[in-house]
Amino acid sequence: MSRLFLSFTLASLLIGLCQSYIYACEIKAPKAIIITDTVESYELKSAFKYQDCTNEQVKAFNLLLTDYSGTLNQRVLHAELNDNRIKLNQPFHISTLVTAINDRITLPKNWKIVDLKTIGQGSSFFSLNNEEHLQVACKNCNHTGTKNISFNIVDPISNTKESYWLTGEVAIAVEALVSKKNISITNQPLDKNHFEMKTVYSARPENFFTFTDKLPYYKANRPLREGQVVKFNDIGPLNLVNIGTPVQVKLNSHGLKLQSIGIPTRSGKLGEIIQLKNPKTNKIIVGKITNFNEVEVEL
């Protein structure tokens, strides 16, 4: 009997020790947490309560939060951190501020609020506990452009709320040219293989340059970063013909196409109308620049 009791006691103690080892670190989490684009991992430490956690465990946990969205539970946490010693008191939801705001504002199809920033000394994250929930309001969000957005965390139990103001851009989904690599300022023609069409959100899509086939006729006016949308003021047209330099002249006359040589009286860019001199007769003709050293003339 005493041996049986001793064995049971040792087994219970061993189980207790194993459980203590498995869950050496306990984390008490809020119901949900909303993070901004500027949040730093160390700032998130104040949103949780830690018991018997090492500094390394706390750092790894907070760093995970800055790059995670969705519901974080025990199983996912262990898989992400590869540490079975951490115990969560409850699953909780993580989302970005942009996602939280867009989920709560009704916008036309393919519209979205982007570039959200807190006004004043706003927090870099927001915690929701118990019955707290979000209330979001935006006047004139049925038009594109910069908007002020009210953002409240409401507690219906205590009948209190925390109020914040945000600013953001109501933007439309459009197709735009995006740089696939860093491009320096140069007088050389742009390579269209260095760009791709992507869907982006913008309140002013009219500023975007979207003519992929015309890129070789342009140069970079300013450095372009990888992933940057190309705007009209980022690039400038090249001179395709130069004053005094002979160019090929394509003559179109009632379906008949002829070729000749002409001397431009000035330099010009794609699509410009210029005068050319016939080197044999000195006669002046007018044509449109269509390519490097190439002008089309309609007779």
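The values are calculated or read from the model by the stated rules, or taken from the named source; none is laboratory data. Keep in mind that this is a model prediction, so the values were computed, not measured. Cβ atoms come from the backbone with ideal geometry, glycine included; neighbour counts cover every protein chain shown.
So, of the residues in segment 210-225 that are assigned to a strand (DSSP E or B) and of a type outside the set (D, E, K, R), which turns out to be farthest from the chain's Cα centre (by Cα)? Across segment 210-225, the extreme among qualifying residues is Tyr218. Residues being of a type outside the set (Asp, Glu), touching a Lys or Arg at 6+ places or on another chain (Cβ under 8 Å), within 30 Å of Lys180 (Cβ to Cβ) and crowded, with 16+ Cβ neighbours inside 10 Å are entirely absent from segment 290-297. Among residues of segment 245-266 that are farther than 14 Å from Lys283 by Cα and at pLDDT 85 or above, those with a Cβ under 9 angstrom from a residue that is polar (S, T, N, Q) and surrounded by fewer than 11 Cβ atoms within 10 Å (Cβ to Cβ), sequence gap 6+ or separate chain, pair up as Gln248/Gln259; Lys250/Gln259; Leu251/Gln259. For segment 203-248, the candidate set comprises residues that are among the aromatic types (Phe, Trp, Tyr) and surrounded by 15 or more Cβ atoms within 10 Å (Cβ to Cβ); within that set, the residue that is nearest to Asp115 (Cα to Cα) is Phe208. In segment 119-143, of all residues being surrounded by fewer than 14 Cβ atoms within 10 Å (Cβ to Cβ) and of a type in the set (D, E, K, R), the one that is modelled with the highest pLDDT corresponds to Glu131.
Residues checked against (1) at pLDDT 95 or above; (2) assigned by TED's automatic domain parsing to the domain that holds Thr167; (3) touching a helix residue (DSSP H, G or I) at 6+ places or on another chain (Cβ under 6 Å):
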{"residue": "Thr9", "(1), (2), (3)": "no, no, no"}
{"residue": "Gly16", "(1), (2), (3)": "no, no, no"}
{"residue": "Ile27", "(1), (2), (3)": "yes, no, no"}
{"residue": "Gln51", "(1), (2), (3)": "yes, no, no"}
{"residue": "Asp67", "(1), (2), (3)": "no, no, no"}
{"residue": "Asn84", "(1), (2), (3)": "no, no, yes"}
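Each residue in segment 272-292 was checked for being assigned to a loop (DSSP other than H, G, I, E, B) and not polar (S, T, N, Q), and 5 pass. Of the residues contained in segment 181-199, none is found to be among the hydrophobic types (A, V, I, L, M, F, W, C), assigned by TED's automatic domain parsing to the domain that holds Lys231 and under 30 Å from Thr118 (Cα atoms).
Residues of segment 96-116 being under 23 Å from Pro30 (Cα atoms) and touching a residue at least 40 places away in the same chain (Cβ under 8 Å), which ones? Across segment 96-116, the qualifying residues are Thr96, Leu97, Val98, Ala100, Ile101.
Criterion applied to Val174, Val178, Val170 was being in contact (Cβ under 8 Å) with a residue 60 or more places away in the chain, under 19 Å from the mean Cα position of the chain (by Cα) and closer than 30 Å to Asn110 by Cβ, and the one residue passing it is Val170. If the condition is being buried (at least 18 other Cβ atoms within 10 Å of the Cβ) and over 27 Å from Thr99 (Cβ atoms), then segment 158-199 contributes Ile183, Leu190, Phe195.
Among strands (runs of 3 or more DSSP E) entirely within segment 131-209, having at least 1 residues that are under 18 Å from Lys219 (Cβ atoms) and of a type in the set (A, V, I, L, M) singles out 160-179.
Considering Leu166, Leu224, the condition of being assigned by TED's automatic domain parsing to the domain that holds Ser123 and of a type outside the set (Ser, Thr, Tyr) is satisfied by Leu166 alone.
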